[in-house]
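Since the structure comes first, as structure tokens, the remarks are kept for the end.
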Amino acid sequence: MEKASITLTQAHHQLLHAAVEAGEYASISEAIRDALRGWELQRRFREAELEDLRREIQKGIDDIEAGRVVKWDPEAMKRRIRERVGK
């Protein structure tokens with residue numbers, strides 16, 4: 001394990017100290033490692049979401065290039081909805 005020296009705000013230090021005092025963690029180092037694991041998980045989740053979004057965008061681009069899209073006409077859409085609803 002590597003050692004690192006960090007500077008914390010007073011509020012963050014108090015938060016960490018309170019978590020240790022409450023028995024949630026054995027040490028401030030343990031609390032920081034847990035926070036870093038959460039940060040890492042959040043980054044992985046965000047990257048997975050971005051990759052999903054990139055795939056969906058590429059599908060749309062592929063559909064456009066293959067001619068599988070039609071020009072959207074909001075007025076025609078409103079007419080079709082009114083016809084289905086019967087108004």
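Every number in this text was worked out from the coordinates using simple rules, so none of it is lab data. Remember, predicted model here, so these are calculated numbers, not experimental data. Counting neighbours? That spans all protein chains shown, and the Cβs are built from the backbone with ideal geometry, glycine included.
Summary of computed values
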{"quantity": "Residue (of His17, Leu36, Met1) at the positive-pole extreme of the chain, dipole from beta-carbon charges", "calculated": "Leu36"}
{"quantity": "Cα-based helix-to-principal-axis angle, 74-85 vs the chain, degrees rounded to 10", "calculated": "80 degrees"}
{"quantity": "Point-charge dipole on Cβ atoms (K/R +1, D/E -1) for the chain, about Cα centre, debye to 20", "calculated": "780 debye"}
{"quantity": "Pairwise label distance in nanometres, Leu8 with Ala66, each label 7 Å out on the Cα-Cβ vector", "calculated": "5.4 nm"}
{"quantity": "Computed [θ] at 222 nm, deg cm²/dmol, the chain (DSSP H ≥ 4; -39,500 (n - 2.57); rounded to nearest 500)", "calculated": "-24500 deg cm²/dmol"}
{"quantity": "Answer label, with Kirkwood radius over Cα pairs in Å calculated from the coordinates and candidates (i) 18.5; (ii) 16.6; (iii) 15.7", "calculated": "(i)"}
